[in-house]
Amino acid sequence: MPSLFDPLTAGALTLPHRVVMAPMTRNRADAAGVPGALMAEYYAQRASAGLIITEGVRVSAAGHGPVGQPGLHTAEQIAGWKRVTEAVHAAGGRIVAQLSHHGRIAHPDLLPAGVRPLAPSAVTALSDARTAPGVLVDTVEPREMTPADIAATVRDFAAAATAAIGAGFDGVELQGANGYLLHQFLSDNSNLREDSYGGDAAGRVRFVSEVVAAVAAAVGAGRTGLRLSPASGYNDTVEKDPATTYGLLADALNAQAIAYLHIVEGPDPELPALLRERWAGAVITNPFTGDDPTDPATAAARLDADLADAVSFARYFSANPDLPERIRSGAPLTEPDPDTFHDGEAAGYTDLAAHRPANV
Ligand SMILES: Cc1cc2nc3c(=O)[nH]c(=O)nc-3n(C[C@H](O)[C@H](O)[C@H](O)COP(=O)(O)O)c2cc1C
């Protein structure tokens with residue numbers, strides 16, 4: 001079996017090793033969703049990752065996530081990301097944008113005037129939305145998407161993917177995990193539709209397949225990844241028969257031959273194993289480790305068991321900008337500080353030093 005430090009080819013992406021930076025929403029963009037110099041510095045500091053997957057980036061004003069979330073749907077946002085990708089590439093790294101739409105987790109306070117959050121069905125999530133730094137408010141009842149809304153949203157994902165490549169990204173990862181719009185279509189409790197986008201498992205995977213196909217057509221399947229979190233329950237998602245749904249989705253993805261599948265493991269190890277078996281391409285896994293951050297030993301065990309080709313780390317990458325080198329050399333890891341995860345400025349974001357051995 002390969003080790004964490006063997007190279008990996010996934011579609012058009014070539015990774016020098018298999019320690020991947022998982023997406024982390026940090027809410028440091030400006031009020032217009034434009035990434036600035038601080039974000040460029042943060043990502044460039046982590047350029048030694050095998051691959052950087054950015055925080056969730058909204059594909060449209062209607063898909064707005066938390067305050068401080070960056071977007072990829074205006075010229076200013078694209079220009080801001082160019083500075084980020086240039087800084088990462090200059091530091092020798094590779095970076096893909098995680099394209100996201102919050103669907104029913106969006107909040108009207110952050111949407112254009114008069115716009116309600118969109119969702120497969122008008123079912124309120126038992127969740128919350130971050131509408132101002134440190135402020136969490138209840139989510140509201142969304143508006144059921146019409147077929148025209150669905151077609152427009154598929155186009156928004158493709159347009160944002162094209163914008164990402166124009167901004168210098170090496171590819172895109174579609175956010176199909178954690179209870180956001182794509183996952184809302186997959187889940188039984190948020191998708192009560194009776195048209196061709198709901199009902200049985202084949203109906204519930206249709207929207208995700210269409211988004212993947214449109215993005216792959218826009219930027220190439222080899223530059224398109226997809227993140228899934230089967231039966232994770234995040235953001236009030238309930239999936240009654242995930243084995244059938246995700247099995248069908250894997251078949252659809254095989255037909256598209258995208259670059260990789262990024263799996264957020266949940267407590268049930270059978271679902272990631274099923275995806276590994278049914279999906280023919282590369283798998284990045286984000287191990288289930290309870291409340292603890294993904295650790296190097298668990299990561300290595302996933303490769304040894306052939307459950308994945310690469311492993312993503314989120315929290316340890318926040319606190320250890322040089323995480324791959326620390327893992328390789330066995331250096332101690334700095335513990336992450338949850339107080340600095342969301343909102344704020346440089347503290348806990350760009351002020352974390354690389355490890356220096358004691359004798360240097
Ligand atoms: C501060 C923070 C922000 C996150 N934001 C995102 C996100 O934007 N998109 C996403 O798919 N997952 C997001 N996640 C989930 C992580 O990618 C990852 O699945 C989770 O933290 C478990 O990995 P870890 O144990 O290595 O931290 C976030 C996690 C944290 C801690």
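The values are calculated or read from the model by the stated rules, or taken from the named source; none is laboratory data. Since we're looking at a predicted model, the values are computed, not measured. Heads up, the Cβs are rebuilt from the backbone with ideal geometry, glycines too, and the neighbour counts pull from every protein chain shown. Side chains included, ligands, DNA and RNA excluded: accessible areas come from the protein's heavy atoms. Shrake-Rupley method; radii C 1.70, N 1.55, O 1.52, S 1.80 Å.
Failed condition for residue 170, given (1) within 15 Å of residue 65 (Cα to Cα); (2) open to solvent by 30 Å² or more (accessible area, probe 1.4 Å); (3) in contact (Cβ under 8 Å) with a residue 24 or more places away in the chain, with all others met?
(1)
Looking at segment 323-337, which of its residues are under 23 Å from residue 50 (Cβ atoms) and within 16 Å of the ligand (Cβ to nearest atom)?
323, 324, 326, 327, 333, 334, 335, 336
Using the structure shown, decide if residue 106 is under 20 Å from residue 183 (Cβ atoms), out of contact with any His (no Cβ under 8 Å at 6 or more places or on another chain) and not aromatic (Phe, Trp, Tyr).
It is false that residue 106 is under 20 Å from residue 183 (Cβ atoms), out of contact with any His (no Cβ under 8 Å at 6 or more places or on another chain) and not aromatic (Phe, Trp, Tyr).
Out of the residues in segment 231-255 meeting the condition of being in a loop (DSSP other than H, G, I, E, B) and away from the ligand (no atom under 13 Å from the Cβ), tell me which one is most open to solvent (accessible area, probe 1.4 Å).
It comes out as 240.
Read through the list (1) over 30 Å from residue 141 (Cβ atoms); (2) part of a loop (DSSP other than H, G, I, E, B); (3) open to solvent by 10 Å² or more (accessible area, probe 1.4 Å), then give the number of the only condition that residue 274 fails.
For residue 274, the failing item is (2).
Give me the pairs, please: first residue somewhere in segment 24-47 and free of Cβ contacts under 8 Å to residues at least 12 places away in the same chain, second residue anywhere and open to solvent by less than 20 Å² (accessible area, probe 1.4 Å) and part of a loop (DSSP other than H, G, I, E, B), beta-carbon distance under 7 Å, and either six or more positions apart or on two chains.
Partner pairs satisfying both residue conditions: none exist.
Given the residues 22, 31, 62, 79, which is the only one that is away from the ligand (no atom under 14 Å from the Cβ), farther than 24 Å from residue 162 by Cβ and at pLDDT 95 or above?
Residue meeting the stated conditions: 31.
Scanning for something surrounded by 22 or more Cβ atoms within 10 Å (Cβ to Cβ), more than 13 Å from the ligand (Cβ to nearest atom) and over 29 Å from residue 35 (Cα atoms), does segment 293-308 turn up at least one residue?
Yes, segment 293-308 contains at least one residue that is surrounded by 22 or more Cβ atoms within 10 Å (Cβ to Cβ), more than 13 Å from the ligand (Cβ to nearest atom) and over 29 Å from residue 35 (Cα atoms).
Could you list, in sequence order, all residues of segment 99-132 that are surrounded by fewer than 24 Cβ atoms within 10 Å (Cβ to Cβ) and outside any loop (DSSP other than H, G, I, E, B)?
Matches in segment 99-132: 108, 109, 110, 128, 130, 131, 132.
From 137, 215, 205, 172, which residue is modelled with pLDDT of 95 or more, more than 23 Å from residue 53 (Cα to Cα) and in contact with a strand residue (DSSP E or B) (Cβ under 6 Å, 6 or more places away or on another chain)?
One residue alone meets the criteria, 137.
Quickly run through segment 133-147 and pick out the residues that are farther than 17 Å from residue 61 by Cβ and open to solvent by 40 Å² or more (accessible area, probe 1.4 Å).
Those that are farther than 17 Å from residue 61 by Cβ and open to solvent by 40 Å² or more (accessible area, probe 1.4 Å): 133, 134, 135, 136, 137, 138, 141, 144, 146, 147.
Just checking, which of 198, 179, 203 is in a loop (DSSP other than H, G, I, E, B), open to solvent by less than 10 Å² (accessible area, probe 1.4 Å) and more than 16 Å from the ligand (Cβ to nearest atom)?
198
Taking segment 338-350 as the search range and keeping residues that are more than 10 Å from the ligand (Cβ to nearest atom) and closer than 14 Å to residue 321 by Cβ, which one is surrounded by the fewest Cβ atoms within 10 Å (Cβ to Cβ)?
346
Among (1) under 19 Å from residue 70 (Cβ atoms); (2) over 19 Å from the mean Cα position of the chain (by Cα); (3) not in a helix (DSSP H, G or I), where does residue 96 come up short?
Of (1) under 19 Å from residue 70 (Cβ atoms); (2) over 19 Å from the mean Cα position of the chain (by Cα); (3) not in a helix (DSSP H, G or I), only one is false for residue 96: (2).
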